[in-house]
Amino acid sequence: MTRRNFITLLGGAVIAWPLAARAQQAAMPVIGVLDFRSPGTTENLLRAFRQGLKETGYVESENVALDYRWADSQIDRLPALAAELARRQVSVIYATTNLATFAAKEATTTIPIVFVVNEDPVALRLVASLARPGGNATGINIFTAELTAKRLDLLHELVPGAARVGLLVNPTNTTSTDSTLREMAEFARATGLQIKVFNASTGPEIEAAFAGLARDRPEVLFIASDAYFYTRRVQLTHLATHYRIAAIYGTRDFAEAGGLMSYGSNLTDAHRQMGAYAGRILKGTKPAGLPVVQSTKFELVINQQAARSLGLSVPPTLLAIADEVIE
């Protein structure tokens, strides 16, 4: 081979290498992340999702890409964001809340969707059945309304004489709020509790709701499980401490942020499982054949420091059944 031919051959190989690299990058599957909330507010849940992906052999930026779409708590942005992911033809859409799931289902009937919802997805008409979802979506039900009575029982055990309960809900999250209100009404009828509803869907409205609580003085407070409230957990727990009201929340993140007590599904485990589901779909499993997971890990977390600041003594019976006691 002449020197000129060798140089020509070498030059062709150098040109081919970046082309091959680009082709490999283009072939990397993309998961669209659709979230009602804002960047930085759910990092623990995203870490859990990535862990589930890793368990099935996928690592972000190595052999799978994640394309994030955040609605910044503006519900009306979700349909356009979901449509963007559908136009991009991502491999899977990871819908992290009820609202995101509804938007994703409207945007596509073909791209696989893995969802995290807090109610029965059959009743929400997201799937045909739990065992055989039947369409392009499957996921996990982390339960909220179904746990309302249990949370109220725990709150009553901590504050036995409480007869007046404040209920904080997000009126813009109509599906979840309506379910919570129905469950609360049923419990109130059965027990004789008086329920006073407070509405909030922004930071200032949360401040105003607590000012209203200070005037009405319910003896305990029930914070409804809500995606937006999750992003405001520090504000909510600090206000409950400031106004000296015993409150119960839906997930451990609130107790870790200084809240008195939480009871609900293990969110990190739920999102990890959906990461594993997304990985299985990338490997060829159809969502129609992946059963909807029913959350089975429920945690009671008690913050003793918060209890002491409120002048409450946590009964030994509650401490005995708590999954974690924060000192």
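Here are a few things to note about the model shown:
- The range 204-287 pair-distance distribution - Cα-Cα, 5 Å bins, rounded %: 3, 13, 22, 19, 13, 8, 7, 6, 5, 3, 1, 0
- With the largest listed first and rounded to whole Å, the semi-axes of the equivalent ellipsoid of the chain from the Cα gyration tensor are 45, 20, 18.
- Protection proxy ranking of 293-306, 268-281 - average other beta-carbon atoms within 10 Å, highest first: 268-281, 293-306
- Taking 29 Å as the straight-line reach from the Cα of residue 196, the lysines in range (excluding those fewer than 8 positions away in the same chain) are 150.
- Axis of helix 3-26 versus longest Cα principal axis of the chain: the two differ by about 20°, to the nearest ten degrees.
- Protection proxy ranking, peptides 163-172, 244-253, 199-208, average beta carbon neighbours within 10 Å, highest first: 244-253, 163-172, 199-208
- Cα gyration tensor shape of the range 155-253, rounded if a/c is under 1.5, else prolate or oblate by comparing a/b with b/c: oblate
- Diffusion constant of the range 64-198 at 20 °C, which comes from Stokes-Einstein with the Kirkwood Cα-pair radius and 1.002 mPa s, µm²/s: 128 µm²/s
- For peptides 54-61, 214-221, 142-149, sequence by mean Cβ density within 10 Å, most packed first: 142-149, 214-221, 54-61
- In degrees, nearest ten, helix 78-88 long axis to first principal axis of the chain (Cα): 20 degrees
Values in this text are rule-based calculations from the coordinates and carry no lab data. Everything numeric in this text was worked out from a predicted model, so none of it was measured. Positions of Cβ are generated from backbone atoms using ideal geometry, with glycine treated the same way; all protein chains shown enter the neighbour counts.
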